[in-house]
Amino acid sequence: MALVTLMVSLLMSGVTFWAVNDIQTDARLSDTRFGKDLGLLLAANVAPLVAQNNDQELTRLTREFYDHTSSIRYILFADPQGEISFGIPFTASEVQNSLSIRRRIQLPDALQEHPQEPLVRQHASPQGEVTDIFVNLIDNDHNYGVLAIGINPNPAAVASSSLTLDVTTAVFVSIWAMVILGAASNAITITRPIKELVAGVRNIAGRNFRQRIDLPFGGELGELIRSFNEMAMRLSSYEEQNIEELTAEKAKLENLVSTIADGAILLDSEMRVILANPAAIRLFHWEPLGDGLLESNLQAILPDYVQSALALPLAQLTVGDREGGEIRIMATKDGERALRVWLIPVFGGNDAIKGVAMTVQDITREVELNAAQSRFISNVSHELRTPLFNIKSFIETLHDYYDDLSREQRVEFLDTANRETDRLTRLVNDVLDLSRLESGRQYHFSPLDLNQTLEQTCRTYQLNAAAKEIELRREIAPNLDRVWGNYDLMLQVLSNLVGNALKFTPEKGVVTLRAYPLHQMGDGRSGSWVRVEVADTGIGIPLEDQERIFDRFFRVENRVHTLEGTGLGLSIVRNIVEKHDSHVYLKSEVNQGTTFWFDLRVFQDRCELPMAPSAHLVET
């Protein structure tokens, strides 16, 4: 706007200069022509009077000429040297006597070069530009002096020039006044709304969708303001809808994460905890932290052995030197857990790492199972190798030295091979039984009469007990209710327990089978139960071995004597009892004896059976 105003101002100034200059040029030409004509006319009339020295007539004629011509400024008569002899508004006496000053006029040099031609020039005065006319007074070819006439500017031309300047000035002032008013109006009507719109756009860019512009403007600017307000309203509505959707999705995600059995942790770029699901809180025992868990530095709240294992991978991940992946943290002492940790970087819009997602799995049980499996395979291999080696040795000896051996030696070798074969068969059967029990196979349960099962067990082991001079007793309560169970499995439990009792009870000892009802359990369980006990007066089990007595291939006899056994019998007992939704317990003292017992629910209360436990309990 200022540039346009400047251009208009310059244009108007140029037009004004051109107009005034044109007017002044025309006026100057007009004054020059008029002055020449007037000078020649007056010179022709007064030259004879000057030649005759007729001053009176000269004065009268000059005065009359001056009075009747309004544009004449002055009339002067001077001799050829320029000394003024008479003039209007001067008189001869004034010229001669005024302060005794002799007045002269500076005659142009060009006047003598062309004596017949009037000489014209202009000079500036406070009243305007005055045109000077110099004419030689020649009469009969004799030069009597010079006539000088001054012509005032043309009043019309001066008025026109003044009018033009005034109009131009007025236009110039009007233009700048309009510019100033336009700037003020722009500041009020345009600049303020634009500033409001700019501020509103910045707020919108800053996600402040509640921004509104309340200015009473119409036209296109008003339409723009209304459109802006409508846009902000829609964005606000979209934001609220998106927030509701995001909140719902976040709630779903949090519920989903909270139900994951593995620990889930979300970290920001500075390793502060943003989210941790209940599994992770339980795994690392963060419950006391409460709400202080969020924004806590992960390195400060992790257990030392986990922190030392994750410090370097997390640092590498945050600087981009690592792509994430699996990290295994193995327990090195009691109280520590074996963990599998997955680290996944979280990237932002510019591919910069914004955080880390962690998934933590407690693989302690898996590690223990793998170790148990390795031990199981190792133990099975060892247990199988010993009887196989013995069988092979005795069979090879018979094959190679049959003729050199006596009949008694041959019978002994065959008997040893047979016993080793029986031992191998028992081991394979026990392994197969344990494998079936742990495979999740479904067994058929029905009402079971314990009298029949206990009697069958006693009949089976009566001869073995008699051979060792051990008394095998039965103490069964009368009218015992039927229990809910599997006959074959329960028979195997009793066989294993009675077999172990006979094996570890010395001569003259006692092995007792008991069964009696229970109406109130010590652990708070309700309903009717039947307790089954197998007690002996044998060597007992040391306290340090009682925790491991149900483990596979664990044999107490390896520490106290060399009796044979697979070490799987009690593991089978535990699994069978647990399939009956119960636990097997023991109480033992060294050289005093051992008692194993378990409880079975009465058939009428089978609908109230509890869930099967995951491990046995031991009482001492």
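The values are calculated or read from the model by the stated rules, or taken from the named source; none is laboratory data. Just so we're clear, the structure is a prediction, and the values are computed from it rather than from any experiment. Backbone-built Cβ (ideal geometry, glycine too); neighbour counts: all protein chains shown. Each accessible area value is taken on the protein alone, full model and side chains, heavy atoms only, with ligands, DNA and RNA left out. Shrake-Rupley method; radii C 1.70, N 1.55, O 1.52, S 1.80 Å.
Residue-by-condition table, conditions (1) acidic (D, E); (2) part of a helix (DSSP H, G or I); (3) modelled with pLDDT of 85 or more:
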residue	(1), (2), (3)
E475	yes, no, yes
W484	no, no, yes
L497	no, yes, yes
G524	no, no, no
Residues that are surrounded by 13 or more Cβ atoms within 10 Å (Cβ to Cβ) and either polar (S, T, N, Q) or under 14 Å from L283 (Cα atoms) (or both), drawn from the stretch 306-319:
V306, Q307, Q316, T318
Among the residues of the stretch 133-143, which ones are surrounded by fewer than 21 Cβ atoms within 10 Å (Cβ to Cβ) and in contact (Cβ under 8 Å) with a residue 40 or more places away in the chain?
I138, D139, N140, H142, N143
Members of the stretch 320-347 found to be open to solvent by 60 Å² or more (accessible area, probe 1.4 Å), under 17 Å from T364 (Cβ atoms) and part of a loop (DSSP other than H, G, I, E, B), listed by number:
M330, T332, K333, D334, G335, R337
Looking for whichever is open to solvent by 20 Å² or more (accessible area, probe 1.4 Å) and either modelled with pLDDT of 75 or more or of a type outside the set (A, V, I, L, M) (or both) here; the options are E564, E557. Which one fits?
E564
Output for Cβ contacts, cut-off 8 Å, separation at least six or different chains, first residue closer than 12 Å to T512 by Cα and in contact (Cβ under 8 Å) with a residue 24 or more places away in the chain in the stretch 457-486, second open to solvent by 70 Å² or more (accessible area, probe 1.4 Å) and assigned to a helix (DSSP H, G or I), reads L472/Q462; R474/E455
Given (1) in a loop (DSSP other than H, G, I, E, B); (2) open to solvent by less than 60 Å² (accessible area, probe 1.4 Å), identify the lone condition not met by T359.
(1)
So, I88, is that one at pLDDT 75 or above, closer than 29 Å to L29 by Cβ, of a type outside the set (G, A, S) and touching a Ser or Thr at 6+ places or on another chain (Cβ under 7 Å) or not?
yes
When the residues of the stretch 144-158 are narrowed to those that are surrounded by 12 or more Cβ atoms within 10 Å (Cβ to Cβ) and assigned to a helix (DSSP H, G or I), which ends up modelled with the highest pLDDT?
P155
Does the stretch 493-509 hold any residues that are open to solvent by 30 Å² or more (accessible area, probe 1.4 Å) and under 20 Å from I476 (Cβ atoms), and which are they?
N496
Quick check: anything in the stretch 269-285 among the acidic types (D, E) and modelled with pLDDT of 85 or more?
yes
